[in-house]
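Q: Take this structure first; my questions come after.
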Amino acid sequence: MNPTTPTTPTAPVAEGDGEARTTENTTAGKGGAQTAENTTDKAVTDAAATEGWATRLDKAGPESGADAEQDLGPEQDLDLGPEDDEADKESSGLATAAAAVVSVGLGIVSLSGAWSGRIAAERETLIGQFKTSSGASAAQQISEIYGDAWHATALVNGLFGLLALLVGVYVLVRPAFGTPSVHPQPGWIRAVAKGGIALGVLGVLIAVCMYFDLVVALPTAPATAG
């Protein structure tokens, strides 16, 4: 007997299996081609979108810069606002301090006398001399020459005292009007203003007493021997 080569049994192939496998292979090949085409199309679409965004950004660049500058405008205004407010407050504080010093100065003038009061007194003296030049009595001479000059000096001093009083009161009541300030009025300004008010009141009182001869009366002529 001749030896035979062993053979491996193979599974039976049904009819149509070869054709099915061929179809599957063909379909798989087509699917790969479609996947590659889809991948290529997607890459092209992404590149076009990227170029489109870049173009839009380039076009919007100057406008965005303008918008940024416009946005910075209010911030700059807001930054300058507090500085202007601080400058206004500082100028207002300096004006109030100056007014307080002026009040004290006016009060001192009302007590010591001013050149305007001296000029007014000399004028009344000259007028009195004209009136009494034609043989006036002693009492009339005293009243016209001395009394009127005295009263004119008292009137001028009283006006200075009244001004000192009004300016000092204005300094004290100024914070109650206008825009409220965060920082209170310095204490030394209030102290100086109160000093000016005190000097003004004292000057007005002395002027009133001088004008109405309440403290020092006019001199009287001695009685002539008969």
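The values are calculated or read from the model by the stated rules, or taken from the named source; none is laboratory data. For clarity, every value in this text was computed on a predicted model and none was experimentally measured. Cβ sites come from the backbone with ideal geometry, for glycine too, and all protein chains shown count toward neighbours. Please note that ligands, DNA and RNA were not included when accessible areas were found on the heavy atoms of the full protein model with its side chains. Shrake-Rupley method; radii C 1.70, N 1.55, O 1.52, S 1.80 Å.
Q: Quick one: which of Leu205, Leu155, Leu165 is open to solvent by 40 Å² or more (accessible area, probe 1.4 Å), closer than 20 Å to Ala100 by Cβ and assigned to a helix (DSSP H, G or I)?
A: Values: Leu205 fails: closer than 20 Å to Ala100 by Cβ; Leu155 fails: closer than 20 Å to Ala100 by Cβ.
Step by step, each of Leu205, Leu155, Leu165 is checked, and only Leu165 is open to solvent by 40 Å² or more (accessible area, probe 1.4 Å), closer than 20 Å to Ala100 by Cβ and assigned to a helix (DSSP H, G or I).
Q: Still on this structure, I have one more. What is the number of the single condition among (1) assigned to a helix (DSSP H, G or I); (2) open to solvent by 70 Å² or more (accessible area, probe 1.4 Å) that Glu124 does not meet?
A: (2)
Q: Another question, then. Which condition number in (1) on the phi < 0 side of the Ramachandran plot; (2) in a loop (DSSP other than H, G, I, E, B) is the one that Ile197 fails?
A: For Ile197, the failing item is (2).
Q: For the structure I just gave you, tell me whether Tyr170 is in contact (Cβ under 8 Å) with a residue 40 or more places away in the chain, open to solvent by 70 Å² or more (accessible area, probe 1.4 Å) and farther than 24 Å from Tyr211 by Cα. If you could, list the steps in order and put the result at the bottom.
A: On the way: in contact (Cβ under 8 Å) with a residue 40 or more places away in the chain: yes; open to solvent by 70 Å² or more (accessible area, probe 1.4 Å): yes; farther than 24 Å from Tyr211 by Cα: yes.
Taking the combined requirement at face value, the residue satisfies it.
Q: Please determine whether any residue of region 168-179 is of a type in the set (D, E, K, R) and in a loop (DSSP other than H, G, I, E, B).
A: Within region 168-179, the first condition is being of a type in the set (D, E, K, R), and the residues that meet it are 174.
Filter once more, so that each one left must be in a loop (DSSP other than H, G, I, E, B): none.
No, because not a single residue in region 168-179 is of a type in the set (D, E, K, R) and in a loop (DSSP other than H, G, I, E, B).
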